[in-house]
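Trainee: Take a look at this one; I'll ask things after.
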Amino acid sequence: MAEDTAYDGPILEIDKLSISFFTRLREIPAVMDFSANVMPGEALGLVGESGCGKSTVALGVMQDLGVNGKIVGGTIKFKGRDLSEMSPEELRDIRGSQIAMIYQEPMASLNPAMKIGKQLAEVPVIHEGISEEEAMKRARQVVEDVKLPDPDRILKAYPHQLSGGQQQRIVIAMALMSKPSLLILDEPTTALDVTVEAAIVELVKDLGKKYGTSMLFISHNLGLVLETCDRICVMYSGEAVERGSIEDVFDEMKHPYTQALFRSIPLPGADKNASPLIAIPGNFPLPHERPNGCNFGPRCDYFEAGRCDAGPISMAQVEGNDRHATRCLRFQEIDWSAPPTLADKKEKGVIGDTVLKVDNLKKYYEVAANSMFGGADKKVVKANETISFEARESETLAIVGESGCGKSTLAKVLMGLETATEGQVMLDNLSIESTEIQDRDTRTVSSIQMVFQNPFDTLNPSMTVGRQIIRALEIFKIGNTEAERRVRMLELLDLVKLPREFADRMPRQLSGGQKQRVGIARAFAGGARIVVADEPVSALDVSVQAAVTDLLMEIQRNEKTTLLFISHDLSIVRYLSDRVMVMYLGHVVELGSTDQVFSPPYHPYTEALLSAVPIADTSVEKKHIVLEGDIPSAMNPPSGCPFQTRCRWKSEVPGNLCETEVPPQRKMAAGHEIKCHLADDILAQMDPVIKIAAE
Amino acid sequence: MDPITWTGSLGPFLNPLMLAAIAVFVLGFFAQLVLNFAGVQPGEVQINPDHTLSVARSPNDYALMAMKYAVLLFLACVAVFIVGGIVQPSLEQKGIIGAMGQRFLPVWIAMILIFALSVTFKRRLGLYGKLFDSPIGMVGFFLVMFWMLTAIFAGLVATHGAIDVVSQMRNEVPGSFMPDPDEGEYLVYLLGGDNLGRDVFSRMVFGAREVLKIAPAATLFAFMVGITLGLPAGYFGGKLDTVLTFIANLVLAFPVILLFYLLVTPEIVASGIPTYMAAVLFLFPIIFFVILFNSRFFTQPFTRNIYIFLTVLIGGWLYLGLAWNSDPLGIISMPGNILIVFVSVVFVNSPTVFRIVRGIVLDIKTRDYVAAGQTRGEGPWYIMLWEILPNARGPLIVDFCLRIGYTTILLGTLGFFGLGVSPESPDWGSTINEGRRLLTIYPHPALPPAIALMTMVLGLNLLADGLREESLRD
């Protein structure tokens, strides 16, 4: 197109943009005084916690704010033209052809009733009016570009026949169909597993280079932004607080919020005892309760009354850096290199006797083809295969793996929601693997409790917080009267550092972190000795994650609890666990202390997993290992080693050993076990995945 | 004496106004339609630099505004008629509308009280309070409350008895004077007389009482049955679900009217089938409450025993009286024909409720708080009744409103076919049926109950709409 080549200014210019939503009660400002530029071929990362307005900016660019949303100030210029002055027809023409957007949930972006090929071909047919045949050809080309295997089959498939990772690739392909100048990605990998996420990120980066597309990348994950973007803009409570190039912002941050954010995420080197994470105090302000002056003021360590809360603060340029600006009045006075005032160092808990012993545990599910009439065609899903491990008192054992690896099934067997097919689970000296929860005595039930993943789901929305904890106390037969239980409930609220008034609140009045604390209080109601924490912080914002993690650690220290920490986030696992167990397709592929697992020799899967985790530190060098394909289905697992279909070391093993035999559990060092066929000398040659560059 | 007019002394002034309002409304409607086809958009909301909003009105908006004010004018005229009816002394001056407005005085007073209180405290009343933010919900609530209050105050509102027959008043037009009224008797038949010489107005008012006695109670029973069966079907799934869903489909597939005909056939009544059905269906509420309290309080046996004892005592007493007509105290009883109506309505409605509940349970049982209940060793019934059911209340309340409407229509249909209720009964369905025969000559006996039925169901539907809309917000 002629006009494309003629224009060489910024692709997107956002100038002093303010967006508000209007409700019956009031105007809610969602974005205030936001400015940003995206140059051709540049990728801008937009980072912030949930509710900070980053998605609203994206919707503003798309001019799709709904009935209640209005742009109340500023301009958005796309290739020099003001978007708000365009007619609906012009906008429709630009959307999808020049600006494309990729959303978080791939399934929601695809039409389930249309074949992939037809959906892809629709884009150029509508926008460029080319013939169906030509469009199909181009669709095939793009599907190849996004590195999907067997493009012809994919084009004829319906969306539900593809895996989540493949669906997201198709969404990306659709966005690229008409070669847009600007691609908006709104948390494109949040719903995906880490190794799939790594592959998608790699793909987006490559395609950006290949097509020269500018990108607006919205994420809450600083590590991901570091890997994908050239420039970054940090948002807090509707305002951009700091923007600049990745290096400037990551290494020479000039805003207290950016600094606090980096201090609250577990980077390599953080340690739960020696240098614990520093949570940001206080809560995110509600849009209509923002303070005067600096929005971050009430939570800021450098707050100066009378100055920071005097009036609106505008962005100030940081001298010496390229387009680096910060919304802080005091950035020139603050000593940015001063080490954080450490919270008092914690004593490491003494690891006691074995509490839980799992030996050779197997859990198979039988899936009949037709549930009503049975039928002969029964399939077996091997959710857990020969799992053996021990957990000791006041120890944190992390269970790591992607979705479908069997970690949730393991949790269910431990809890008694399912019974084991084979093997043993010993709690103290009592074997519990085949006792369902109804048949367990109160003591056993209250000993093993669980903390759940989703804070918005973990509490019953129609019961008060206090009532829910009291119910747990009733079930665990604690306290003889209602009054005694109430006292105990208030003590539990103290334990998780929530104000006692919360007892009479409804869950919807609590924030995500507070709900998760109530969930923890409920789990500890019966004096739990083993707590299975199923991704307890993964749905929380980073600043809250640190606080909840620390709370768990503190309770563990005081109560000598054994914590089974299920997670896919290796940064946090490295930070808080004593031992790590890596699972893949129902197998334990590696088990050892945290140091052993995070340094070579690795199991090939651990190696890939480690390299896939984005780390928000510019001084870290990482090996890039991208796993091909998806996790095989547990219904139809590969023969031999479960990981052989995606393993990059397979060629190092002589013969077809990997395809025929399940590798034995090998002892590498004291307490370090790896399930792999690789010879010792090859394992010994492995390089560490994560290197911290010497400064 | 000539019958009194519809509008009385105010008519000459207000009638032209109302006609004008209707004309403006119709004109506005067509103008708006034409403008829409012509592509004129409604005005956009503009934002001023000082963060205030202003609307640039287009002709389209003016048409809509005209329609709105026409409706308001019309309603204002009606209000003036009613007030005129209350303050003016003689029936001739009041007119029929005014006189009816005056008879409904207790209803108006109660209505104003309810609205005033509700609007004042709407922020503290949860979902009910939010209803007063939605105009549609308010209109629905008004219509429903109007008939509810009419049913409650029927004795005060009605001018005559429901089955008082005055033979000279047969098929007399609305506003006709009684031939020789007794002392204190109301002088006119406001909406005329039916073919037996009974007062149509009074029968409509008493009909509200008949309908509202059965419809909500029957719907409530249907909900009890549907919930008690739908919860385990959704929660446990598997064979139980398959069997229960199959039975529900079977009932739904059976023609409703045929079922009613079968149920009221004397042979079948004599065989006792309706009684046995009632015996089974009426057992569900007792089972429901016993499980409800047991699952909640089993950790405190004393409290549990009190609750269950009370439930069984009161429930059992009602049960004996209603289902078996053998109340040992002789207070509670239900006439046989009403029982049949009740049973059939419950029987027909519960499968639909069952399916709704089952669907919601399938969704909610995947939540983490359900898993949390399971992992602390809660029984399945506690989880179903105390963790899942309260969170399913939104859709259930909406469906409850809609279903009372269906039940009301169903009762009307039953009455229309002369099934179930006694022939004397003033319920709306039977009245419409009676009026039907002479409809071409005398439309006035059939129309009032039909309009009553329509407004009541309309009100319930609007109420459900309003509730749904408001429960989805914020």
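Trainee: Kindly evaluate A:GLY60 against the criterion of being within 14 Å of chain B (Cβ to nearest Cβ), farther than 30 Å from A:ASP193 by Cβ and touching a residue at least 40 places away in the same chain (Cβ under 8 Å).
Mentor: Yes; evaluated as a whole, the condition is true for this residue.
Trainee: If you don't mind, there's one more thing I want to ask. Among the residues of the range B:295-334, write down those that are within 14 Å of chain A (Cβ to nearest Cβ) and either in contact (Cβ under 8 Å) with a residue 60 or more places away in the chain or not hydroxyl-bearing (Ser, Thr, Tyr) (or both).
Mentor: Looking only at the range B:295-334, we keep the residues that are within 14 Å of chain A (Cβ to nearest Cβ), and these are B:295-304.
Those that are within 14 Å of chain A (Cβ to nearest Cβ) and either in contact (Cβ under 8 Å) with a residue 60 or more places away in the chain or not hydroxyl-bearing (Ser, Thr, Tyr) (or both): B:SER295, B:ARG296, B:PHE297, B:PHE298, B:GLN300, B:PRO301, B:PHE302, B:ARG304.
Trainee: Another question about this same structure. If A:LYS79 meets every condition in (1) in contact with a Phe, Trp or Tyr (Cβ under 7 Å, 6 or more places away or on another chain); (2) over 29 Å from A:GLY223 (Cβ atoms); (3) open to solvent by less than 10 Å² (accessible area, probe 1.4 Å) apart from one, which number is that one?
Mentor: Among (1) in contact with a Phe, Trp or Tyr (Cβ under 7 Å, 6 or more places away or on another chain); (2) over 29 Å from A:GLY223 (Cβ atoms); (3) open to solvent by less than 10 Å² (accessible area, probe 1.4 Å), the lone unmet condition for A:LYS79 is (3).
Trainee: Right, next: Among the residues that make up the range A:74-81, is at least one of them in contact (Cβ under 8 Å) with a residue 40 or more places away in the chain and of a type in the set (S, T, N, Q)?
Mentor: First, pick out the residues of the range A:74-81 that are in contact (Cβ under 8 Å) with a residue 40 or more places away in the chain: A:74-80.
With of a type in the set (S, T, N, Q) added as a condition, the list becomes A:75.
Yes, the range A:74-81 has at least one match.
Trainee: Does the range A:529-542 contain at least one residue that is among the hydroxyl-bearing types (Ser, Thr, Tyr) and either at pLDDT 85 or above or open to solvent by less than 10 Å² (accessible area, probe 1.4 Å) (or both)?
Mentor: Within the range A:529-542, not a single residue is among the hydroxyl-bearing types (Ser, Thr, Tyr) and either at pLDDT 85 or above or open to solvent by less than 10 Å² (accessible area, probe 1.4 Å) (or both).
Trainee: Can you tell which of B:PHE246, B:PHE142 is among the aromatic types (Phe, Trp, Tyr), in contact (Cβ under 8 Å) with a residue 60 or more places away in the chain and not in a loop (DSSP other than H, G, I, E, B)? So that I can check it myself, show each step before the final result.
Mentor: Details: B:PHE246 fails: in contact (Cβ under 8 Å) with a residue 60 or more places away in the chain.
Going through B:PHE246, B:PHE142 in turn, just one is among the aromatic types (Phe, Trp, Tyr), in contact (Cβ under 8 Å) with a residue 60 or more places away in the chain and not in a loop (DSSP other than H, G, I, E, B): B:PHE142.
Trainee: So A:GLU491 clears everything in (1) open to solvent by 50 Å² or more (accessible area, probe 1.4 Å); (2) within 14 Å of another protein chain (Cβ to nearest Cβ); (3) part of a helix (DSSP H, G or I) except one condition, right? Which one?
Mentor: (2)
Trainee: I need the full set of residues from the range B:257-273 which are out of contact with any Ser or Thr (no Cβ under 8 Å at 6 or more places or on another chain) and either of a type in the set (Phe, Trp, Tyr) or surrounded by 12 or more Cβ atoms within 10 Å (Cβ to Cβ) (or both), in order please.
Mentor: Within the range B:257-273, B:TYR261, B:LEU262, B:VAL264, B:THR265, B:ILE268, B:VAL269, B:ILE273 qualify.
Trainee: Please work out if A:VAL548 is open to solvent by less than 10 Å² (accessible area, probe 1.4 Å) and touching a Leu at 6+ places or on another chain (Cβ under 7 Å).
Mentor: Against the criterion (open to solvent by less than 10 Å² (accessible area, probe 1.4 Å) and touching a Leu at 6+ places or on another chain (Cβ under 7 Å)), A:VAL548 qualifies.
Trainee: Scan the range A:449-466 and give yes if some residue there is more than 14 Å from every other protein chain (Cβ to nearest Cβ) and among the hydroxyl-bearing types (Ser, Thr, Tyr), otherwise no.
Mentor: The answer is no; no qualifying residue exists.
Trainee: Shifting gears a bit: Could you tell me whether A:GLU242 is closer than 23 Å to A:LEU17 by Cα, among the charged types (D, E, K, R) and either within 30 Å of the chain's Cα centre (by Cα) or not in a loop (DSSP other than H, G, I, E, B) (or both)?
Mentor: Spelling it out, A:GLU242 is indeed closer than 23 Å to A:LEU17 by Cα, among the charged types (D, E, K, R) and either within 30 Å of the chain's Cα centre (by Cα) or not in a loop (DSSP other than H, G, I, E, B) (or both).
Trainee: Which of the residues spanning the range A:442-453 are part of a loop (DSSP other than H, G, I, E, B) and at pLDDT 85 or above?
Mentor: A:PHE452
Trainee: If a residue has to be open to solvent by 10 Å² or more (accessible area, probe 1.4 Å) and more than 22 Å from A:PRO536 (Cβ to Cβ) to count, how many in the range A:468-486 make the cut?
Mentor: Of the residues in that region, 10 qualify.
Trainee: Let me ask you something else. Within the range A:467-481, which residues are among the small types (Gly, Ala, Ser) and either more than 9 Å from chain B (Cβ to nearest Cβ) or closer than 20 Å to B:ALA392 by Cα (or both)? Before you say what the answer is, go through the steps one by one.
Mentor: First pass over the range A:467-481, keeping only residues among the small types (Gly, Ala, Ser): A:472, A:479.
A:GLY479 - this is the single residue of the range A:467-481 that is among the small types (Gly, Ala, Ser) and either more than 9 Å from chain B (Cβ to nearest Cβ) or closer than 20 Å to B:ALA392 by Cα (or both).
Trainee: Looking only at the range A:383-409, count how many residues are out of contact with any helix residue (DSSP H, G or I) (no Cβ under 7 Å at 6 or more places or on another chain) and more than 14 Å from chain B (Cβ to nearest Cβ). Even if it seems obvious, please write down each step before you answer.
Mentor: Taking the range A:383-409 and keeping what is out of contact with any helix residue (DSSP H, G or I) (no Cβ under 7 Å at 6 or more places or on another chain), we get A:385-386, A:388-393, A:395, A:397, A:403-409.
Applying the additional criterion that residues be more than 14 Å from chain B (Cβ to nearest Cβ) yields A:385-386, A:388-393, A:395, A:397, A:403-407.
Qualifying residue count for the region: 15.
Trainee: Any idea how many residues of the range B:370-395 are within 11 Å of B:ILE360 (Cα to Cα), touching a Ser or Thr at 6+ places or on another chain (Cβ under 7 Å) and more than 9 Å from chain A (Cβ to nearest Cβ)?
Mentor: The number of residues fulfilling the criteria is 1.
Trainee: So, of the residues in the range A:424-448 that are more than 13 Å from every other protein chain (Cβ to nearest Cβ) and not aliphatic (A, V, I, L, M), which turns out to be most open to solvent (accessible area, probe 1.4 Å)?
Mentor: A:ASN429
Trainee: Please state which of the following conditions A:SER237 fails to meet, knowing it meets all the rest: (1) of a type in the set (Ser, Thr, Tyr); (2) out of contact with any strand residue (DSSP E or B) (no Cβ under 8 Å at 6 or more places or on another chain); (3) open to solvent by 10 Å² or more (accessible area, probe 1.4 Å).
Mentor: (3)
Trainee: Let me ask you something else. Mind checking which residues of the range A:190-217 are part of a helix (DSSP H, G or I) and of a type in the set (Ser, Thr, Tyr)?
Mentor: Those that are part of a helix (DSSP H, G or I) and of a type in the set (Ser, Thr, Tyr): A:THR195, A:TYR211.
Every residue, every condition in (1) within 14 Å of another protein chain (Cβ to nearest Cβ); (2) farther than 26 Å from A:SER571 by Cβ; (3) of a type in the set (Asp, Glu); (4) touching a Cys at 6+ places or on another chain (Cβ under 7 Å), yes or no:
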| residue | (1), (2), (3), (4) |
| --- | --- |
| A:LEU498 | no, yes, no, no |
| A:LEU510 | yes, yes, no, no |
| A:ALA533 | yes, no, no, no |
| A:VAL544 | no, no, no, no |
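Trainee: Here is a list: A:ALA274, A:ALA316, A:ALA270. Which entry is surrounded by fewer than 18 Cβ atoms within 10 Å (Cβ to Cβ) and modelled with pLDDT under 80? Steps first, answer last, please.
Mentor: Details: A:ALA316 fails: modelled with pLDDT under 80; A:ALA270 fails: surrounded by fewer than 18 Cβ atoms within 10 Å (Cβ to Cβ).
Matching residue, one of A:ALA274, A:ALA316, A:ALA270: A:ALA274.
Trainee: Shifting gears a bit: Filter the range A:411-423 for residues that are closer than 20 Å to A:GLU390 by Cβ and within 11 Å of chain B (Cβ to nearest Cβ) and give the result.
Mentor: Correct list: A:ALA411, A:LYS412, A:LEU414, A:MET415, A:GLY416.
Trainee: Hey, can you tell me all the residues within the range B:145-195 that are over 24 Å from B:ILE109 (Cα atoms), open to solvent by 10 Å² or more (accessible area, probe 1.4 Å) and free of Cβ contacts under 8 Å to residues at least 60 places away in the same chain?
Mentor: Once the filter is applied, which keeps residues that are over 24 Å from B:ILE109 (Cα atoms), open to solvent by 10 Å² or more (accessible area, probe 1.4 Å) and free of Cβ contacts under 8 Å to residues at least 60 places away in the same chain, the range B:145-195 yields B:ASP164, B:VAL165, B:VAL166, B:SER167, B:GLN168, B:ARG170, B:MET178, B:PRO179, B:ASP180, B:PRO181, B:ASP182, B:GLU183.
Trainee: Another question, then. A:GLY519: within 14 Å of another protein chain (Cβ to nearest Cβ), open to solvent by less than 10 Å² (accessible area, probe 1.4 Å) and within 30 Å of the chain's Cα centre (by Cα), yes or no?
Mentor: Taking the combined requirement at face value, the residue satisfies it.
Trainee: Next up: Could you identify the single residue in B:THR440, B:THR366 that is assigned to a loop (DSSP other than H, G, I, E, B), away from every other protein chain (no Cβ under 14 Å) and open to solvent by 30 Å² or more (accessible area, probe 1.4 Å)?
Mentor: Numbers: B:THR366 fails: away from every other protein chain (no Cβ under 14 Å).
Result of the check over B:THR440, B:THR366: B:THR440.
The values are calculated or read from the model by the stated rules, or taken from the named source; none is laboratory data. Since we're looking at a predicted model, the values are computed, not measured. Note that each Cβ is placed from the backbone with ideal geometry, even for glycine, and that neighbours are counted across all protein chains shown. The area values use the complete protein model at the heavy-atom level, side chains included, leaving out ligands, DNA and RNA. Shrake-Rupley method; radii C 1.70, N 1.55, O 1.52, S 1.80 Å.
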